[in-house]
Structures are given as structure tokens and as C-alpha cells.
1. Can you pull the one-decimal nm distance between simple spin-label points at residue 132 and residue 85, each 7 Å off the Cα toward Cβ?
2. How large is the accessible surface per residue of the range 23-160, computed with a 1.4 Å probe and reported in Å² as a whole number?
3. I want to verify a result. In a Gaussian network model of the chain, Cα cutoff 10 Å, which of these has the top mean-square fluctuation: 99, 22, 44?
4. For the range 51-142, what is the charge dipole size about the Cα centre, in debye to the nearest 20, if Lys and Arg each add +1 at the Cβ and Asp and Glu each add -1 at the Cβ?
5. Kindly provide log₁₀ I(q)/I(0) values, in the same order as q = 0.11, 0.17, 0.18 Å⁻¹, from the Debye equation applied to equal alpha-carbon scatterers of the chain.
6. Relative to the longest principal axis of the C-alpha atoms of the chain, give the angle of the C-alpha long axis of helix 139-149, reported between 0 and 90° and rounded to the nearest 10°.
7. Would you work out the charge dipole size for the chain about its Cα centre, treating the Cβ of every Lys and Arg as +1 and the Cβ of every Asp and Glu as -1, and quote it to the nearest 20 debye?
8. Given springs between every Cα pair under 10 Å in a Gaussian network model of the chain, which of 114, 70, 89 has the largest fluctuation?
Amino acid sequence: MSLVGMDDNFQQMLKCDVNSVRNNLMDICATKWHTDLSNFPKLRTYRTFKSTYSTETYIKLNLKRRERSVLDQFRCGILPLRLETGRFVGEPEYQRICRMCDSGNIENELHFLVECQFYNGLRNQLFSGLSETVLNLNNNEKLNLLLSEYPRKTARYLKS
């Protein structure tokens, strides 16, 4: 009870407001989450599209198991992209170049989802039906929008 500032309630066997306890715990968890998020460089992409401590809408979608898995891996930075696999063999980050295209870019989540020329055919399917406004966004904005507003389409693209 001390964690949520209700020592007296426990000591004196008083009733406590469950909503107040829940809100205090949520505040504590959110603060810890924000602190932890800023301390993990691996979560650099995650920080660009996730700013609030809350359940994501895609969790509530009826996605196939493989779609949810690949979307989770992508969001958490554990999809086997060169940025991650190169770390395991001790490659410096600047050498973790995409092997699927000739861009010379590091294969990170942004490059994989919206830039790599190798995936243009699949990406055209991903962007089909989206408004012209979406298509005119910069690549970081596209990444954020795809993950927040179009998780089902993004999951299917990633699975493909």
C-alpha cells in the first residue's frame, strides 16, 4: 500500500478507493515505462510511434497468430533485420547495410517498411486504397501512420 500512498488505510484497516489505487498504479507504471523506454537504444524506432502507456488498438484486432507475431517483432525491434542480426556478429551499425537493394542504407525498420526498393511490389499493395495525403507524407510519418492506423494491412505486408 505504501507504493500507492495508502499506508494509513492498511494500518487502520480502512476502505480504499479501488479506482484511486488503480490510477496511482497506472501512473507509477507509466512513469517507469517512460524511463525504461528512454534507457534502451534498441527501442529507438518504437519511441517514434509509441508515446503513451496504453494498450495498442492492434492488440484488440482479430489478427492471425503469424500476423500478430510479425507485427510485434517489428514494433519491438526484434524482427531479423540487418540492424539486429549484425549486432550479434559484432558488425558496427554503419556496416549493417540492406542486402536486398542497392541503396546503401542501413536495414532498419524504416528502410524495411517504407524505403527498400526490393519490396516495392508488396508495398504497392500495402499503400493501395490509402489517400493521396498518406502517400505524400515523409517516410517517418508513413511508418508512424501505418503502425497506428493500419495495423492489419501492415501485419499482412510484414508477413508477406
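1. 4.0 nm
2. On a per-residue basis, 60 Å².
3. Sorting by GNM fluctuation, first place goes to 22.
4. 420 debye
5. So the normalised log intensities work out to -0.57, -1.06, -1.16.
6. Approximately 50 degrees, to the nearest 10.
7. Result for the chain is approximately 660 debye, rounded to the nearest 20.
8. Comparing 114, 70, 89 in a Gaussian network model of the chain, the most mobile one is 89.
The values are calculated or read from the model by the stated rules, or taken from the named source; none is laboratory data. These numbers were taken from a predicted model, which means no experiment stands behind them. Ideal geometry is used to build each Cβ from the backbone, glycine not excepted, and the neighbour counts take in all protein chains shown. Quick note on the areas: whole protein, heavy atoms, side chains included, nothing else; ligands and nucleic acids left out. Shrake-Rupley method; radii C 1.70, N 1.55, O 1.52, S 1.80 Å.
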